[in-house]
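To keep things clear, I will list the structure first and then write my remarks on it.
The values are calculated or read from the model by the stated rules, or taken from the named source; none is laboratory data. Values in this document were obtained by computation on a predicted structure and should not be read as measured data. Every residue, glycine as well, gets a Cβ built from its backbone with ideal geometry; the counts of neighbours run over all protein chains shown.
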Ligand code: 5GP
């Protein structure tokens with residue numbers, strides 16, 4: 001029955017998605033998240049909200065004290081400093097959803113991703129590449145949410161981040177949006193079928209002889 005199948009559900013997958021700012025990962029993830037087997041982990045940050053950003057939806061906006069307090073009490077699964085601000089993944093939400101069998105998406109930068117890789121070796125790490133550094137700059141200007149200075153800071157950070165893609169499991173270029181969405185869906189779908197994630201399924205089939 002469905003109930004039995006549900007009981008046999010393996011733990012959810014922890015999916016890390018990284019990309020330099022302006023790679024369009026937000027647009028790709030919005031599409032992936034239409035499937036409600038996925039949960040998006042809302043990060044904590046000390047940076048100021050951008051126009052239109054909502055507390056608790058885009059980020060949990062915090063003061064440095066609030067952030068440090070949570071981190072010091074083991075409340076963060078990972079955290080990192082990025083462009084003068086702190087960003088971190090609140091632990092509780094992620095662990096609850098994984099144990100419910102939901103796949104949880106962390107949209108985090110490379111330092112945090114490496115912490116996740118070390119502490120959760122089963123996590124799936126995906127890096128989204130821009131077609132080029134120039135294209136990245138063009139997209140950031142088009143988005144228009146940052147000052148010229150911040151844009152240049154982020155662009156100059158991008159090369160170092162892209163070099164870190166070597167440490168991820170999968171990577172693809174976000175050139176054509178539809179293709180990129182298909183790529184990410186295919187990666188997740190294939191990963192879900194890997195044997196290490198299907199131990200319960202095999203047992204279930206045997207038990208249902
Ligand atoms: P932004 O300020 O553009 O929203 O995010 C800046 C960078 O911080 C992005 O690369 C984003 O993926 C990353 N980031 C967002 N949340 C987290 C988090 O919880 N942990 C880490 N390590 N990075 C994060």
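For this structure, a couple of remarks:
Per-residue answers, yes or no, for (1) within 13 Å of the ligand (Cβ to nearest atom); (2) in contact (Cβ under 8 Å) with a residue 24 or more places away in the chain; (3) part of a helix (DSSP H, G or I):
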| site | (1), (2), (3) |
| --- | --- |
| 80 | yes, yes, no |
| 87 | yes, yes, no |
| 95 | no, no, yes |
| 98 | no, yes, yes |
| 116 | yes, yes, yes |
| 125 | yes, yes, no |
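- Test for residue 33: is it within 30 Å of residue 204 (Cα to Cα), touching a residue at least 60 places away in the same chain (Cβ under 8 Å), within 13 Å of the ligand (Cβ to nearest atom) and under 15 Å from the mean Cα position of the chain (by Cα): no
- Condition check for residue 14: away from the ligand (no atom under 11 Å from the Cβ), touching a strand residue (DSSP E or B) at 6+ places or on another chain (Cβ under 7 Å) and at pLDDT 95 or above: yes
- One residue stands out in the range 127-158 among those that are under 21 Å from residue 106 (Cα atoms) and touching a helix residue (DSSP H, G or I) at 6+ places or on another chain (Cβ under 7 Å): the one that is nearest to the ligand (Cβ to nearest atom), namely 154.
- The lone exception for residue 137 - which of (1) part of a helix (DSSP H, G or I); (2) surrounded by 15 or more Cβ atoms within 10 Å (Cβ to Cβ); (3) under 20 Å from the mean Cα position of the chain (by Cα) it fails: (3)
- Evaluating residue 71 against the criteria (1) free of Cβ contacts under 8 Å to residues at least 24 places away in the same chain; (2) assigned to a loop (DSSP other than H, G, I, E, B); (3) within 14 Å of the ligand (Cβ to nearest atom); (4) under 22 Å from residue 120 (Cα atoms) leaves one unmet condition, (2).
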